[in-house]
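In what follows, a structure is listed as structure tokens, so that the remarks can point back to it.
The values are calculated or read from the model by the stated rules, or taken from the named source; none is laboratory data. What you see is a predicted model, and the numbers here were worked out from it, not measured in a lab. As a convention, Cβ positions derive from the backbone with ideal geometry for all residues, glycine included, and neighbour counts pool all protein chains shown. Ligands, DNA and RNA are stripped out before the accessible areas are found, and what is left, the full protein with its side chains, is counted by its heavy atoms. Shrake-Rupley method; radii C 1.70, N 1.55, O 1.52, S 1.80 Å.
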Amino acid sequence: MRWCWLILAISTVEGILQTGLQLKIDEFFESPGHTNNWAVLVCTSRFWFNYRHVANVLSLYHSIKRLGIPDSNIIMMLAEDIPCNSRNPKPGTVFNAPGGVNLYGSDVEVDYRGNEVTVENFIRVLTGRHHESTSRSRRLLSDHQSNVLVYLTGHGGDSFLKFQDAQELTNVDLGYAIQTMFEDNRYHEMFVIVDTCRSESMYEYINSPRVLSTSSSLTHEESYSYDIDHEIGVFVIDRYTHFTLDFMNQNVKALNSSASLKDYLDSCPLAQCLSTVGVRRDTYPKDPAKVRVTDFFGSARILHYIQEDIVFDDAWLVEPVTYQL
């Protein structure tokens, strides 16, 4: 009987200590001002040899879904249909490591694929300026209380990102699109990640408030692939995204993770990435060390309580409706 009481007392003390520790951690981080999360994940590359760019997007897709962002809040664009490519020795599959797990299961929802992945459609997604026939599932329905994650991967150069090997998204295009989002109250905070060669140049014209930007390489640098699958015959993931995935799996196992954005930004040093990770902070007012990584990579229902009374004008409900022929 004494042992039961002792075990109960130890369990109670551990629970109190853990609760106190969690409260201290919560006090350290800045209070999030958003109530919902959205993500736009884009692979811009065509052709079989760009297999890794599709794997990059699918890897991040599964990470943010694991942390609570639902398919309804994810816009995924894949320029190449790798699972159905005739050169794929394992039809219907995509892997990010030799002998790894298939990333292309029945739970994957692709919103734009193949020739639908264009510069025009990407800008329409960000700005919300769609044709009226575009379904809700293909729209970014964010608002002024949304934290938005934008991830771009493909082939790039100084000031541009290639789409479909035929079009270019310039850094000016991206900057104007995000400025339009700000003016239309389509985000609370935004995190832009670009994983391409010379990708630092892509955020040079992003001057809108509350936007944190990072890149896998500086303007004068290349970005490199990581793992090759000899059975498939191509590289299956890029270095920056590989270490992003490794960081998420090792350090962000739940929404209450204490990993910060600074931890994430430091997760791929030069010795691992072989290129220098770029960061632009002058348009982001918070200290990344005091912002949870799950503020952008996860989703929890955050409620803001309103103290004042709100009166709705329901007069139109009782007024007769007249139609003129």
Residue hits (region 251-260; among the hydroxyl-bearing types (Ser, Thr, Tyr) and at pLDDT 95 or above) are Ser260
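Residues checked against (1) surrounded by fewer than 24 Cβ atoms within 10 Å (Cβ to Cβ); (2) part of a loop (DSSP other than H, G, I, E, B); (3) free of Cβ contacts under 8 Å to residues at least 40 places away in the same chain; (4) of a type in the set (Phe, Trp, Tyr):
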| site | (1), (2), (3), (4) |
| --- | --- |
| Ser31 | yes, yes, yes, no |
| Val42 | no, no, no, no |
| Pro83 | yes, no, yes, no |
| Asn88 | yes, yes, no, no |
Counted residues in region 167-217 being without any contact (Cβ under 8 Å) to a residue 40 or more places away in the chain, open to solvent by 10 Å² or more (accessible area, probe 1.4 Å) and either within 21 Å of Thr118 (Cβ to Cβ) or touching a Phe, Trp or Tyr at 6+ places or on another chain (Cβ under 7 Å) (or both) come to 5
Taking region 108-160 and the residues there that are among the β-branched types (Val, Ile, Thr) and closer than 20 Å to Tyr205 by Cα, the one that is nearest to the chain's Cα centre (by Cα) would be Val150
Considering region 252-277, residues that are in contact with a Leu (Cβ under 8 Å, 6 or more places away or on another chain) and surrounded by 21 or more Cβ atoms within 10 Å (Cβ to Cβ), and then whichever is farthest from Phe29 (Cα to Cα), we arrive at Ser275
For Asp263, indicate whether it is outside any loop (DSSP other than H, G, I, E, B), touching a helix residue (DSSP H, G or I) at 6+ places or on another chain (Cβ under 8 Å), on the phi < 0 side of the Ramachandran plot and at pLDDT below 95. no
Note on region 109-166: residues part of a strand (DSSP E or B), among the aliphatic types (A, V, I, L, M) and under 12 Å from Met77 (Cα atoms) are Val150, Leu152
